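The values are calculated or read from the model by the stated rules, or taken from the named source; none is laboratory data. Note that this is a predicted model, so its numbers are computed, not measured. All Cβ positions, glycine included, derive from the backbone under ideal geometry; neighbour counts span all protein chains shown. Accessible surface areas use protein heavy atoms only, side chains included; no ligands, DNA or RNA. Shrake-Rupley method; radii C 1.70, N 1.55, O 1.52, S 1.80 Å.
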Amino acid sequence: MACRTSGAKRLLVRIVRTPDGRVLADPSGKMAGRGAYLCADGHCWGAALDKGLLARALKTPIPESLREELAAMSATMTTNDREGGQRGEE
């Protein structure tokens, strides 16, 4: 979203605003509601939240609980990227 990266759905994280107005992460990618996708690189998530891009895409404010959940997920993804690197790099 913030980085405007496109790719296969399985490489993106879906955030959904459900018909009853809840905003949550949708790991299955199949929940009913308005969805927005974040790339799997946690670095751009902060920008999507700070600049209001995610709230604009979902047309609703992002709850603090989801912000914390995304921050934790982002930190985990960033740590895994640093530790594992990419295959084929030497």
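For the residues L54, L49, L24, the requirement of being part of a helix (DSSP H, G or I), under 13 Å from the mean Cα position of the chain (by Cα) and at pLDDT 90 or above singles out L54.
Restricting attention to segment 1-12 and to residues that are within 17 Å of L53 (Cβ to Cβ) and outside any strand (DSSP E or B), the residue that is most open to solvent (accessible area, probe 1.4 Å) turns out to be R4. Residues that are open to solvent by 40 Å² or more (accessible area, probe 1.4 Å) and either of a type in the set (V, I, T) or closer than 13 Å to M73 by Cβ (or both) within segment 13-61 comprise L24, P27, A40, D41, H43, listed in sequence order.
R67 fulfils the conditions (1) modelled with pLDDT of 85 or more; (2) over 12 Å from the mean Cα position of the chain (by Cα) except for a single criterion, (2).
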